[in-house]
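Reviewing the structure listed below.
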């Protein structure tokens, strides 16, 4: 009996010795793999390599399987490829791929390994079979693991291991990032989350030691971020403003940049380098080094940003479907006095990013769970989650610590529940209304009048900046 009580007394000390930051990484990867294997989307043709991903992915099968980046084979037999390639017609009459090739570069390792396996095993080596879909999913898991390792390194600079562990759980399991690492693994957001995580770590390392190797890696990462999603180039502001806590720091930062001009030129050179294949491809299929594959009917309305809808609409509002972000912002507010030179760049980035994202003609960003355009920026807001978690663990008062900890866990559980609601259709991919949301609140599957409460956007008018929504038929 005495031995038993001694073990109980030793439990707090043993718990303190555990590295909860590593445990969290393991739990997140385990939860991601388990959920993805449970829903088995790679077995269904309408998932994984479908929708927008057909554009992102097209460079790989076109290069390595069909050996024709001009997609001439599509024009020969359009019916054979209508569910595989969606080319746009370029100004010089050629077929072109609508999006940039950033995602194909990121898919490439998983694709090449999977393609080799398919060839060696005598399987269907067409680039679109279930084998390729599963290969891309596994590739997405690898990027998630690498992102978590990078973020863990960042957070451990400022927070305790228990706080880092909780911050990582909130960042992935408490947000719609989990959905984009499982059900829609091949969408760009999980990959951009990886790139943002690397960018943040490299930004910190470069400011500590502005070596050429960090500059080169920052250039490649920055260029790839923009090549995946051009508007995400805005993250460059975080690099420019890092360690700037106010007006007095601007002169110091400018002098620092001037002193490190060789390193900055290296950064710029490597960012341009990774864009060169894209520029040559556009020249090949369009006759110009620059090309907007989206056409003139899709753009931004900067004079009419839908900021309120973007953040709070029941249709897709960021903070409605990812409410745990309020804890990240609370953490940044707590951190303001201690790390103002880190928080201010994130604040400026956030305000401008919200404005740009809200100005896109489709402010709900098509289908998907929640406002997906913000997912990659969760790598930055992990600092806010870390500050909030550190505040929890630093409090000696139980009546403050326990409710705050329970709130974080409750929001993580709520996010998972909403993810399951989306899986079953109880959260519609584009048609949610206030009435539909509260009709299905805490109800896992659609029931009753749910479908009659949905409204669908008029896409033609939305492209003109006019927003009308009509009942689902």
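Any read-out appearing in this document is the output of simple, stated calculations on the displayed coordinates, not a laboratory observation. Please read these numbers as outputs of a predicted model, since none were measured by experiment. As a convention, Cβ positions derive from the backbone with ideal geometry for all residues, glycine included, and neighbour counts pool all protein chains shown.
Some notes on this structure:
- Fewest-first ranking of 319, 18, using other Cβ atoms within 10 Å as the exposure measure: 18, 319
- Highest to lowest packing among 213-223, 326-336, scored as the average C-beta count within 10 Å: 213-223, 326-336
- Cα gyration tensor, the range 139-288 - rounded (a/c under 1.5), prolate or oblate: oblate
- The range 321-473 shape via C-alpha gyration tensor axes, a/c threshold 1.5: oblate
- Sorted by Cβ density within 10 Å, fewest first, the residues 89, 152, 463: 89, 463, 152
- Between the helical axis of 261-286 and the longest alpha-carbon principal axis of the chain there is an angle of about 30 degrees.
- Segment residue 294-residue 79, extension gain: residue separation times 0.36 nm, minus the distance between their alpha carbons: 75.1 nm
- Three-way shape call for the range 248-317 based on the alpha-carbon gyration tensor, with the a/c threshold at 1.5: oblate
- The fraction of Cα-Cα pairs per 20 angstrom bin, counted from 0 for the chain, comes to 22, 55, 21, 2, 0 percent, rounded to whole percents.
- Between 0 and 90°, nearest 10: helix 161-172 axis offset from the chain longest Cα axis: 30
- C-alpha long axis of helix 378-394 to longest principal axis of the chain, angle in °: 10
- Which of 427, 352, 23 has the fewest Cβ neighbours within 10 Å, and the rest in rising order: 352, 23, 427
- Within the chain, helix-based [θ] at 222 nm, where runs of 4 or more DSSP H residues each add -39,500 (n - 2.57), nearest 500: -20000 deg cm²/dmol
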